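The structure appears below as structure tokens.
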Amino acid sequence: MEDKDIIDLYFARNESALEETSKKYEAGLTHISKNILKDVHEAGECFNDTLLAAWNHIPPERPDNLFAYLAKMVRYISFGRLDYHNAQKRSANLVELSEEIENHILTHIDDEVKLEGKEISRTVSVFLKSIKYEHRIIFVRRYWYGDSITAIAGIMHMSEGKIKSVLFRTRNKLKEYLEKEGISI
């Protein structure tokens with residue numbers, strides 16, 4: 001079923017919207033959550049919470065890209081659950097990911113340049129569309145899906161060293177691009 005049709009089911013308050021969403025997106029959304037939480041059961045709970053959130057937010061919202069909309073929700077819910085379970089101590093992998101992207105890309109945004117989250121997101125999307133497809137896949141797998149270097153190396157049939165090198169270079173290119181777009185680093 002097409003996303004538009006699923007969204008129409010939500011607007012009609014037809015419960016089959018949840019079933020269709022599950023059929024189409026459960027595996028991908030659970031994968032994202034599992035990479036954050038490192039727990040399959042917790043990831044399933046977050047997926048269910050995401051379905052409830054979608055039911056409560058559609059309508060009035062009508063997302064342009066249903067998967068991206070749901071992925072953002074499942075990430076938010078998963079990070080919230082992680083914070084709840086680890087109030088004082090975060091997972092070492094999560095800290096590594098957060099620090100890696102923060103230290104190399106968005107360490108400081110100039111006070112004079114106040115961009116809304118959507119504008120920053122648009123800028124990063126434009127950048128990602130400008131780089132090689134293979135590099136974009138590696139970057140998104142690492143920083144959106146939270147895949148490990150080892151997992152990405154397996155998916156891309158490359159060495160871990162090559163993946164690290166691509167990520168390093170892509171972060172530096174992104175930093176330069178953001179500066180060019182007026183976001184001071």
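The values are calculated or read from the model by the stated rules, or taken from the named source; none is laboratory data. Treat the numbers as computed from the prediction; the structure is a model and nothing was measured. Heads up, the Cβs are rebuilt from the backbone with ideal geometry, glycines too, and the neighbour counts pull from every protein chain shown. To get the accessible areas, we keep the full protein, side chains included, count just its heavy atoms, and leave off ligands, DNA and RNA. Shrake-Rupley method; radii C 1.70, N 1.55, O 1.52, S 1.80 Å.
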Given the whole protein assembly as supplied and a 1.4 Å probe, what does the accessible area of GLU160 come to in Å², nearest 10?
80 Å²
Within the stretch 1-82: Cβ-based charge dipole about Cα centre, in debye rounded to nearest 20 (Lys, Arg +1; Asp, Glu -1):
300 debye
What is the calculated FRET efficiency for ARG136 to ARG62, with r their C-beta to C-beta distance and R₀ = 25 Å, to the nearest 0.05?
0.40
Among SER22, HIS41, ILE58, which residue has its Cα furthest toward the positive end of the charge dipole of the stretch 1-59, with +1 on Lys/Arg Cβ and -1 on Asp/Glu Cβ?
HIS41
Tell me, what HN-Hα J-couplings in whole Hz come from the Karplus equation 6.51 cos²θ - 1.76 cosθ + 1.60 at θ = phi - 60° for each residue of the stretch 171-179, using x for Gly and Pro?
4, 5, 5, 5, 4, 4, 5, 4, 5
Vicinal HN-Hα couplings computed from phi for the stretch 59-68 (Karplus, 6.51 cos²θ - 1.76 cosθ + 1.60; Hz; Gly/Pro x)
x, x, 6, 10, x, 6, 10, 4, 5, 4
Just read off the accessible area of SER159 with the full protein assembly in place, 1.4 Å probe, to the nearest 10 Å².
70 Å²
Of LYS175, LYS129, which has the most accessible area and how do the rest follow, probe 1.4 Å?
LYS129, LYS175
ASN172-MET1 FRET efficiency (beta carbon distance; Förster radius 35 Å; 0.05 resolution)
0.25
Ranked by accessible surface with a 1.4 Å probe, highest first, in what order do ILE131, ILE155 come?
ILE155, ILE131
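Take GLU19, GLU2, GLU119 and sort them by solvent-accessible surface of the protein heavy atoms, 1.4 Å probe, largest at the top.
GLU2, GLU19, GLU119
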